[in-house]
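Beneath this line is the structure, given in structure tokens, with notes to follow.
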Amino acid sequence: MAGLLDIPKFVDFRNKVKRHPVLKFPVLSLKGKTTLAIHHSLTKQGLGGSNAEGYARYHVDTHGWPSIGYSYVIEPDGTIKFCNDIELRTYHVGDHNNYAIGICLTGDFRYEEPTKEQEESLRNLVAALQKAYPTIKYIKGHNEFSGYSWKQCPVFDYKAVLNKKVTPSKPSVAKPVEKPSTKEYKGTSIIDYLKSINVDSSLANRKKLAAKYGIENYSGKAAQNTKLLNLMRGNTKPATKPKPKPKKEYVTLPASAKTWRTYKLNVAPVTKNSDWSLTPAAFGGLTYEVLDRPQANVVTIKTSRGKRNIYVGSDTSAKIFKK
């Protein structure tokens, strides 16, 4: 079986992830494996179960799969967990599973970034796989496979990460400190004032300064110059634009769904644990604000019975959007 590598932070995890007592992944020819598929877990780093062990439990208990759908999981500390031999047909990109090898980075990269340790381990893993197995010539994000352009995965710019060349930094050479002028300018010219404090006095730069201090449509007129001078001489802070409010996430359950199972927050979201269902068809569809994402393909919403979890995987008709 293939996929075991000798690289930093590599751990053989194949006997530590949960596996189905009966089902097994099909074994294919290693020659047919040509592409690495990059994923993110869609679970925030640091949450309970947001790791290879948690993904394996979810894939077996909820989906009924043989085991975790990825061959490798890269944790936030850079640990590379080898979960499945790469010639297995694991489940992570639908019809492309025959030739694709799944690499998942723990994290929800719509809201956070991969750690530096994850980026370094991803570079090491990809380089080692392509060196050990020459048939692996291509690398794609989940959303770059046909039929998955809608998928928000892996979100981060994996190409930039892989192309980044890490070079040791050169020791910095201390520059002599320029002593500030002790002679204060007291005139009324904005140009002369900027020169006295060693700031570019060009019209282009004055436009930038004016925008920072809240002066709109600056064109260099006398009144604008006087206002800018007074603002820069005082302790007035530059005007700052209010930060846009973050968009909220919502889920729509379509009218075509007669019922939709819900789960209490303290139980696993599997069919046997559902004690109450929503009825989207009776209301022409239902839309809820997403309050949390406790695990992959599961969201928390507020219903008439309080907060509930629902399953919204790609195999359902649920639609996730922001506004």
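Across the range 1-24, the number of residues qualifying as open to solvent by less than 80 Å² (accessible area, probe 1.4 Å) and more than 28 Å from the chain's Cα centre (by Cα) comes to 3. If only residues of the range 300-323 that are of a type in the set (V, I, T) and touching a residue at least 60 places away in the same chain (Cβ under 8 Å) are counted, the one that is least open to solvent (accessible area, probe 1.4 Å) is V312.
Quick one: would you say A127 is within 15 Å of S71 (Cβ to Cβ) and among the small types (G, A, S)? Against the criterion (within 15 Å of S71 (Cβ to Cβ) and among the small types (G, A, S)), A127 does not qualify.
Filtering the range 30-50 to residues that are open to solvent by 30 Å² or more (accessible area, probe 1.4 Å) and among the β-branched types (V, I, T) leaves only T34.
The strands (runs of 3 or more DSSP E) falling completely within the range 51-156 that include 1 or more residues that are open to solvent by 30 Å² or more (accessible area, probe 1.4 Å) and in contact with a helix residue (DSSP H, G or I) (Cβ under 7 Å, 6 or more places away or on another chain) map to 138-141.
Can you tell me which residues in the range 143-169 are at pLDDT 90 or above and either of a type in the set (A, V, I, L, M) or more than 22 Å from R110 (Cβ to Cβ) (or both)? Passing the criteria: S146, V155, A160, V161, L162, N163.
The values are calculated or read from the model by the stated rules, or taken from the named source; none is laboratory data. Values in this document were obtained by computation on a predicted structure and should not be read as measured data. Quick reminder, even Gly has a Cβ in these numbers, built from the backbone with ideal geometry, and neighbours come from all protein chains shown. Just so you know, the surface numbers come from the protein's heavy atoms only, side chains and all, with ligands and any DNA or RNA stripped out. Shrake-Rupley method; radii C 1.70, N 1.55, O 1.52, S 1.80 Å.
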